[in-house]
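Peer 1: Please find one structure pasted underneath; my questions will follow.
Values in this text are rule-based calculations from the coordinates and carry no lab data. Note that the structure is a prediction, hence the values are computed from the model and not measured. Ideal geometry is used to build each Cβ from the backbone, glycine not excepted, and the neighbour counts take in all protein chains shown.
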Amino acid sequence: MAVAAYALSPIDLIPDFIPVLGYVDDAVIVPAGILLAVKLIPDDLMAEFRAEAARREARPTSHSGAAFIVLLWLAAMALVVWWLWKN
């Protein structure tokens, strides 16, 4: 939770407006925190999570449903662009 709060927080150790250094703390602290969180998960629990992920990956997917959603978003964007162009 602390890593997610730090990543989403507007307060940083080094402010982002400082060139290069502003993003270095995010590029180091967030991956290190995620690695630490993964290391803290017990092995048997991690094996259970991986088995569940593999089981869910084997479920059927709907490519036509995904294509419909993409087309719906494209149509919405086209409608917004058309509306902005007209006004």
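Peer 1: Looking at this structure, is residue 59 over 30 Å from residue 15 (Cα atoms), out of contact with any Pro (no Cβ under 6 Å at 6 or more places or on another chain) and part of a helix (DSSP H, G or I)?
Peer 2: So residue 59 fails the test.
Peer 1: For segment 3-26, which positions are exposed (fewer than 11 other Cβ atoms within 10 Å of the Cβ) and not β-branched (Val, Ile, Thr)?
Peer 2: If the condition is that a residue be exposed (fewer than 11 other Cβ atoms within 10 Å of the Cβ) and not β-branched (Val, Ile, Thr), then 5, 8, 9, 10, 17, 19 are the ones that fit.
Peer 1: Could you list all residues from segment 27-63 that are acidic (Asp, Glu), exposed (fewer than 11 other Cβ atoms within 10 Å of the Cβ) and within 25 Å of residue 3 (Cα to Cα)?
Peer 2: Those that are acidic (Asp, Glu), exposed (fewer than 11 other Cβ atoms within 10 Å of the Cβ) and within 25 Å of residue 3 (Cα to Cα): 43, 44, 52.
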